[in-house]
Each structure stands twice: as C-alpha cells, then as structure tokens.
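J.: What follows is a single structure, and I will ask about it in a moment.
The values are calculated or read from the model by the stated rules, or taken from the named source; none is laboratory data. Model, not experiment: these values are computed from the prediction. Quick reminder, even Gly has a Cβ in these numbers, built from the backbone with ideal geometry, and neighbours come from all protein chains shown. Ligands, DNA and RNA are excluded from the accessible area calculation, which covers all protein heavy atoms including side chains. Shrake-Rupley method; radii C 1.70, N 1.55, O 1.52, S 1.80 Å.
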Amino acid sequence: MSFSAFSFLPDLDTLFLFTAASVVLFATPGPDMSLFLAKTVQGGRAAGIAAMAGAMTGAAVHTLLAALGVSALLAASETGFAVLKWVGGLYLLWLAVDAVRNGSALSVKATGPNRIGLRATWLLGLGVNLTNPKVILFFVTFLPQFVVAGDPDATGKLVFLGLYFIAVSVPLAVLMILGAERVLATVRARPRLLRGIDLAFAGVFGVFALKILTATR
C-alpha cells in the first residue's frame with residue numbers, strides 16, 4: 001500500500017502537540033463536563049455515557065463542518081486562511097486570559113426530571129455541544145493551526161485531527177464518568193485543584209497562541 005494513502009496524517013511533532021493540547025482542553029471543566037457529571041449523578045453511569053456520546057457526536061459534526069469550511073477558505077484565498085489563523089491565535093490567547101480571570105465553569109446542579117430516557121439524554125448532550133459557541137469557535141479556529149496553506153491534504157488532516165480529538169476525549173470521559181463521585185468529592189475538597197487546571201490551560205494555550213501570532217504573517 002502506498003504511503004500517499006496516509007498523507008492526511010500529521011507529522012509526529014504536530015500530533016504530540018495536538019494530543020497535549022487536547023488533554024489539557026478536556027481536563028478544563030466546561031458545559032460538556034458539567035453535563036456528564038450531572039447526568040451521572042442524576043441517572044447513573046449509563047446516563048453519563050449517553051450524554052457524553054451525544055456531545056462527541058456534536059464534536060464530529062463540528063469537525064466535518066470546520067474541515068469543509070476551512071478547506072473552502074483555503075482554496076479561495078491563502079490570505080484569508082492566514083487571517084483565520086491569526087484570529088484563532090487571538091481567540092486562544094483570550095481563552096488563556098479568561099481561564100486566569102474567571103476560572104473553570106463546572107456546575108453539576110440538577111435540572112429537569114431526575115431520570116429521562118437514554119435517547120433523550122443523548123439528544124441533550126448533542127444539543128449542548130452543537131449550541132455551545134465556544135465549541136464552535138474552538139473547532140473553527142484551533143484545528144486550522146495544525147495545517148499550512150498550500151497543503152493539498154488539508155481537508156483530510158482537519159478531519160483526522162477532529163476525530164483524533166474525539167478519540168482522545170472518549171476514554172478520558174468514560175474514566176471520569178465511572179469515577180464521577182470521586183471526581184466531585186476531590187474537586188469539592190480541593191478547590192485549588194481546579195485553579196491549577198485553569199493555570200495549566202492558560203499556560204499551554206497562551207504559549208501556543210503567542211507562537212501562532214509571532215509566526216503568522
């Protein structure tokens with residue numbers, strides 16, 4: 001089999017950097033994590049898994065839309081693509097500053113009926129993910145940082161990275177759901193832990209954003 005069939009695969013350095021960023025992003029509490037934990041507390045592990053599956057389905061939709069949209073922009077204008085990368089760098093820098101100023105958004109307050117069907121829980125997870133503006137901006141601005149203008153395999157790489165992000169997130173989410181009670185007890189007993197995660201997130205994405213902004217012309 002020709003190696004050209006795998007031309008959509010990024011190099012190892014890029015994959016390592018993307019993996020590290022994905023893990024840090026997952027560990028930073030937000031609406032998705034709050035939903036997973038809340039549904040696990042309300043309806044058990046099956047409900048948490050269903051909510052997670054819905055959110056990851058939404059992430060797959062975001063991946064395809066971002067890949068198609070960014071690829072269309074790249075084909076139309078390399079200058080426009082460079083501007084998108086620059087705007088993405090500013091957005092990542094804003095996320096870093098916001099993490100330091102406002103901290104994590106973790107809430108597991110119960111809303112609605114205690115128990116709903118797994119299909120309804122999956123739809124809830126899908127809806128929360130698809131309508132979260134931060135998720136939309138993340139996929140549109142973050143994924144393009146790992147491809148370069150003029151790359152004929154840009155679309156394939158964007159799709160691969162988006163699906164790879166899901167592949168990294170799923171086992172971490174499952175472990176978190178299986179240990180939901182312990183996770184919540186740890187967070188409540190050690191509030192500084194969340195602050196440490198916020199600072200790690202800010203550090204990684206801040207350095208990454210500055211690298212983008214200084215390298216983009």
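J.: Say we look at the stretch 198-212 and pick out the residues that are open to solvent by 40 Å² or more (accessible area, probe 1.4 Å) and in contact with a Gly (Cβ under 9 Å, 6 or more places away or on another chain); which of these is modelled with the highest pLDDT?
T.: The qualifying residue modelled with the highest pLDDT is L210.
J.: State whether the residues of the stretch 128-142 include one that is modelled with pLDDT of 80 or more, among the hydroxyl-bearing types (S, T, Y), under 20 Å from the mean Cα position of the chain (by Cα) and open to solvent by 20 Å² or more (accessible area, probe 1.4 Å). Break it down stepwise before answering.
T.: Let us first name the residues in the stretch 128-142 that are modelled with pLDDT of 80 or more, namely 128-130.
When the remaining residues are screened for being among the hydroxyl-bearing types (S, T, Y), the result is none.
So far as the stretch 128-142 goes, no, none of its residues is modelled with pLDDT of 80 or more, among the hydroxyl-bearing types (S, T, Y), under 20 Å from the mean Cα position of the chain (by Cα) and open to solvent by 20 Å² or more (accessible area, probe 1.4 Å).
J.: Name the residue, out of L9, L17, that is under 18 Å from L172 (Cβ atoms), hydrophobic (A, V, I, L, M, F, W, C), at pLDDT 75 or above and open to solvent by 60 Å² or more (accessible area, probe 1.4 Å). Show your work before the answer.
T.: Numbers: L9 fails: under 18 Å from L172 (Cβ atoms).
Just one listed residue meets the conditions, L17.
J.: Kindly provide the set of residues from the stretch 25-47 that are open to solvent by less than 50 Å² (accessible area, probe 1.4 Å), β-branched (V, I, T) and modelled with pLDDT under 80, ordered by number.
T.: Correct list: T28 only.
J.: Now, a different point. Please go through the stretch 172-192 and pick out each residue that is under 11 Å from I49 (Cα atoms) and open to solvent by 50 Å² or more (accessible area, probe 1.4 Å). Talk me through it step by step, then tell me what you get.
T.: First, pick out the residues of the stretch 172-192 that are under 11 Å from I49 (Cα atoms): 173-178.
Within the stretch 172-192, L175, L178 meet the criteria.
J.: Any residue at all in the stretch 88-109 that is more than 19 Å from the chain's Cα centre (by Cα), modelled with pLDDT of 75 or more and open to solvent by 20 Å² or more (accessible area, probe 1.4 Å)?
T.: yes
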